[in-house]
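One structure is given below, encoded as structure tokens.
Just so it is clear, none of the values below were taken in a lab; they were calculated from the coordinates. This structure is a prediction, so every number in the text was calculated from the model and none was measured. Backbone-built Cβ (ideal geometry, glycine too); neighbour counts: all protein chains shown.
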Amino acid sequence: MSYIPENDRYDNKTSYRRCGRSGIRLPEISLGLWHNFGGVDVVENGRAMLRYAFDQGITHFDLANNYGPPPGSDEENFGAIFKKDFLAYREELIISTKAGYLMWPGPYGEWGSRKNLLSSLDQSLKRMRLEYVDIFYSHRPDPETPLEETMMALDRAVRSGKALYAGISNYPAELTKKASAILKQLGTPCLIHQPKYSMFERWVERGLLDVVEEEGIGVIAFSPLAQGLLTDRYLNGIPEDSRAAKSWGFLKKEQVAPAIAKVRQLNEIAKEREQSLAQMAIAWLLKDHRVTSVLIGASSVAQLKNNLVSQNNLVFSEEELTRIEVILKA
Ligand SMILES: NC(=O)c1ccc[n+]([C@@H]2O[C@H](COP(=O)([O-])OP(=O)(O)OC[C@H]3O[C@@H](n4cnc5c(N)ncnc54)[C@H](OP(=O)(O)O)[C@@H]3O)[C@@H](O)[C@H]2O)c1
């Protein structure tokens with residue numbers, strides 16, 4: 001069935017935040033396609049999520065060259081959906097992809113060389129049937145390639161028109177500072193940093209958030225629900241259709257049990273706030289103005305719907321914050 005987006009999609013359904021000191025505003029919640037959009041998944045389910053997201057004013061979809069499985073199949077599926085549903089709305093969307101993790105055999109199929117990044121971007125554009133992406137990321141720092149080479153490749157991607165902005169992901173604070181300085185010098189300032197950040201993973205609080213603020217770089221927090229742990233998904237065991245139960249999922253069964261005591265306690269606070277745990281976990285990230293967007297995953301429209309409601313209550317009392325802190329630090 002042909003898709004006609006909701007006319008009221010920008011009528012206060014979602015809020016937008018400025019991405020660092022750039023011209024771009026991103027929705028407070030963005031949709032990531034790492035899981036649930038690959039060759040092993042039901043394409044129509046992914047399609048329904050993308051449609052629902054866009055209807056709610058979610059303008060940002062995040063991909064990477066290697067998402068699947070198999071690697072590349074996410075971009076292929078997204079490309080097919082994009083052609084059917086979103087072609088007429090290209091200018092309304094911020095679509096990102098990344099290069100840096102293993103994608104093809106031989107010495108050039110991963111990391112941060114100019115050869116890897118620019119070849120991978122060409123492949124991604126072909127798979128997604130796009131003329132350009134909005135953000136092209138170096139997916140991870142490469143300890144063996146000069147930082148200048150990786151940043152020059154991002155700059156080249158932008159200058160060639162194949163990407164509109166440059167981003168970095170998983171770069172530690174000091175390297176972010178250096179990368180930012182190089183990109184500024186090249187005339188392609190870094191738009192955004194994509195780090196893992198959730199109640200359970202807080203490395204960014206030890207320096208990175210200060211650096212991005214100083215540098216005028218936005219932040220999009222990935223795996224904000226700790227891949228589903230920070231939800232009610234695992235409160236009564238491991239459901240068969242959950243990420244932890246799937247052989248290809250990146251959340252392993254063994255990771256569930258050690259987290260569950262904290263999850264239960266956090267869930268009680270969420271209930272008092274009249275939020276689901278997922279909503280509270282997202283709101284907890286958005287309380288920091290340096291976080292531009294929270295990059296969620298979802299396996300159903302129902303989950304997505306639940307998560308988008310987070311925006312209705314982003315305020316925490318000092319008492320709630322202290323109680324959360326006590327649970328997280330125990
Ligand atoms: N830059 C990087 O290195 C990097 C790495 C990883 C991810 N990312 C990006 O970040 C995005 C999000 O990562 P993620 O998928 O790990 O995010 P996440 O939001 O932490 O976890 C998503 C999972 O949580 C569960 N979930 C979501 N909403 C729920 C709800 N309301 N109730 C119950 N369960 C719920 C679902 O699990 P089930 O599937 O079990 O239902 C869903 O698949 C990715 O798609 C990707 O774009 C980037």
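Numbers at a glance
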read-out	value
Among the residues listed as Ile220, Ile238, the single one being within 12 Å of the chain's Cα centre (by Cα) and among the β-branched types (Val, Ile, Thr)	Ile220
Residue that is farthest from Glu215 (Cα to Cα), among those in the stretch 296-330 that are outside any helix (DSSP H, G or I) and touching a strand residue (DSSP E or B) at 6+ places or on another chain (Cβ under 9 Å)	Ala298
